[in-house]
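Remarks on the structure that follows.
The values are calculated or read from the model by the stated rules, or taken from the named source; none is laboratory data. None of these values were measured; they are calculated from a predicted model. Cβ placement follows ideal geometry from the backbone for every residue including glycine, while neighbour counts extend to all protein chains displayed. Each accessible area value is taken on the protein alone, full model and side chains, heavy atoms only, with ligands, DNA and RNA left out. Shrake-Rupley method; radii C 1.70, N 1.55, O 1.52, S 1.80 Å.
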Amino acid sequence: MYDDQHKPGQGQHGPLAGFTVGVTAARRADELGALLQRRGAAVLHAPALRIVPLSDDGELLAATKEIVDQAPDVVVATTAIGFRGWIEAADGWGLGEELLDRLRGVELLARGPKVKGAIRAAGLTEDWSPSSESMAEVLDRLLEEGIEGRRIAVQLHGEPLPGFMDALRAGGAELVGVPVYRWMPPEDLSPVDRLLDATVSRGLDAVTFTSAPAAASLLTRAEERGLLPELLEALNHDVLPACVGPVTALPLQARGIDTVQPERFRLGPLVQLLCQELPARARSLPVAGHRVEIRGHAVLVDGALRPVPPAGMSLLRALSRRPGWVVARADLLRALPGAGRDEHAVETAMARLRSALGTPKLIQTVVKRGYRLALDPAADSKYVDA
């Protein structure tokens, strides 16, 4: 798919350089990963679910026969992959032409441009499509038209769309659900487990979600592993949860997690939002005459990107919590993951950190006491209580 790590050249880094972003998407993960990497991010991909087609499923066959036998007034197509899968399944059952004939005689609504493309590829023409790709806009149009007594078929996209369907029922519509595929947990859970471990250990700076089932699946897996409290703590305080839209965010909000969402519910705006949010969360300090910005797995020193090993980042974060103050070796040892009791590990990690920063004077050794960030004197009062 794409490399988990991406290190742009010095001076050519993008706004996400030094940050690591988790991608939970099953569909369009390559596209999202490429957008993130082009802006400098390291990407950890772990599909939190898989799509299971229902071409041999009795539910889909029954819904197709029901539509062929009695044409609905309206058909809502929600995803391109789902609409194509439906037509292909109907062909396999010998119902393809009959289904297309029915769809030619109904009001056909497409949720977005990709669905429009799938509809036209099948030789059909949509009657309307929202500019926002939002199911809420589709619902508004149907309610404005009036749905009392109308028969509406909705191609479901792996989840039951409860708010949308409930609103149609409340308006007096008769509904036919067309379940083309389902979301299921991934067959191989090890990538999801790696992403969970990275989130809990703060090895990620952000996690992206492009569907509600993916968010729900990640929470379920965390619960199965006994990591849910730690995951919620990380997402609430240190790791930014970014959702493509409000429907995607619902499972997280139900657990009390605040998310960020772009104004337009698409992948490009989601990435642009991360380009604003993550650099704004980075710690920036004036140190030894240099401007130091501490990011997830790298540091910008006067704008130059300096990748730093994990142990070094742990030390740097510990020092930056009290910039200009001496931090004892024992406290720095506790900050090192899995370092044990040997304070020599601090010296080794500190030497590597200084080498990675390329400017040794940023960190001062205070004999018999520990280490300190060489905060510029004029900045002391500003950061004294940081």
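In the stretch 265-286, the residues that are under 18 Å from Val299 (Cα atoms) and without any contact (Cβ under 8 Å) to a residue 40 or more places away in the chain reach residues that are buried (at least 17 other Cβ atoms within 10 Å of the Cβ) and of a type in the set (Ser, Thr, Tyr) with C-beta atoms within less than 8 angstrom, at least six apart or across chains, in these pairs: Arg283/Ser320. Taking Pro337 as the residue in question, decide whether it is open to solvent by 20 Å² or more (accessible area, probe 1.4 Å), more than 30 Å from Glu133 (Cβ to Cβ) and within 34 Å of the chain's Cα centre (by Cα). When the stated conditions are applied, Pro337 passes them. Across the stretch 101-132, which residue is least open to solvent (accessible area, probe 1.4 Å) among those that are at pLDDT 90 or above and hydroxyl-bearing (Ser, Thr, Tyr)? Once the filter is applied, the top-ranked residue is Ser129.
Only residues in the stretch 61-73 that are buried (at least 17 other Cβ atoms within 10 Å of the Cβ) count as the first member; pair them with residues that are among the aromatic types (Phe, Trp, Tyr) and assigned to a helix (DSSP H, G or I), Cβ under 8 angstrom, at least 6 apart or cross-chain, and list the lot. Matching pairs, first to second residue: Thr64/Trp86. Count of the stretch 18-34 residues, restricted to those that are crowded, with 23+ Cβ neighbours inside 10 Å and assigned to a loop (DSSP other than H, G, I, E, B), is 3. Within the stretch 159-180, residues that are closer than 23 Å to Glu88 by Cα and acidic (Asp, Glu) sit with their Cβ atoms under 7 Å from residues that are open to solvent by less than 50 Å² (accessible area, probe 1.4 Å) and at pLDDT below 90, at 6+ positions apart or across chains, in these pairs: Glu159/Trp183; Glu159/Ala212; Glu159/Pro213.
The C-beta contact set for the stretch 117-138 (first residue free of Cβ contacts under 8 Å to residues at least 40 places away in the same chain, second residue in a loop (DSSP other than H, G, I, E, B), distance under 8 angstrom, 6+ apart or interchain) comprises Arg120/Glu126; Ser129/Arg111; Ser129/Gly112; Pro130/Arg111; Pro130/Gly112; Glu137/Pro130; Glu137/Ser131. Val260 falls short on exactly one of the conditions (1) modelled with pLDDT of 95 or more; (2) crowded, with 23+ Cβ neighbours inside 10 Å, and that condition is (2).
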